[in-house]
Amino acid sequence: MKTIKSFLALIVLLCFNVDVFSQDTLTIVRDYIESGYKDFAFCRCLYRSNSKDSTIIKELVSKDGSTAGYFEVVNIGLENSIMLDSLARKYSNKYYASKYDNPLLLMKCLDFYNSAELKDSVNSILNRDKEYYSELEYYYKRAMIRKENMK
């Protein structure tokens, strides 16, 4: 009888640990994908920024592969990219006053990146499109590689 209780306790403990690991994995994956979506939106904001000096930024962003790279690493999809681009355009068209009449493109796009509106939009995408569940292992590995590269 004692062996059966020990065995059952071990099973419960193992199930609990597997569940915790699964939840941790899901959180890591979701955070990774959320970050990728927000990074994509930031790149689009830079590209869309309207200013007399924005040609420098547009040229840099159009020649840089980062925006397209997010399609590869987080599978944004066309519908989501259009929605995020539209939101980025809205923010990039905002007027930011500078004391010395300098363009404030990075400030504007960083405000967008940190905005509640972008966070809410990305969360609604992730809550609606749960395709990433089928690729948990892939995204988990990518998240761990990114975390390691940021050290």
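None of the figures in this text is laboratory data; all of them are computed from the coordinates on show. Since the model is a prediction, treat every value here as computed from it, not as a measurement. With ideal geometry, Cβ positions are generated from the backbone for all residues, glycine too; neighbour counts draw on all protein chains shown.
Which order do the peptides 24-35, 63-74 come out in when sorted by mean C-beta neighbours inside 10 angstrom, highest first? Mind showing how you got there, number by number?
Values: 24-35: 16.5, 63-74: 14.4.
So the peptides 24-35, 63-74, ranked by packing, come out 24-35, 63-74.
I'd like to compare 142-149, 111-118: which one has the highest average count of other Cβ atoms within 10 Å, and what's the full order after that?
Numbers: 142-149: 12.6, 111-118: 15.2.
Output ranking for 142-149, 111-118: 111-118, 142-149.
What list do you get for Arg89, Arg128 if you sort them by fewest beta carbons within 10 Å? Before the final figure, lay out each step's value.
Details: Arg89 15, Arg128 9.
Result, fewest neighbours first: Arg128, Arg89.
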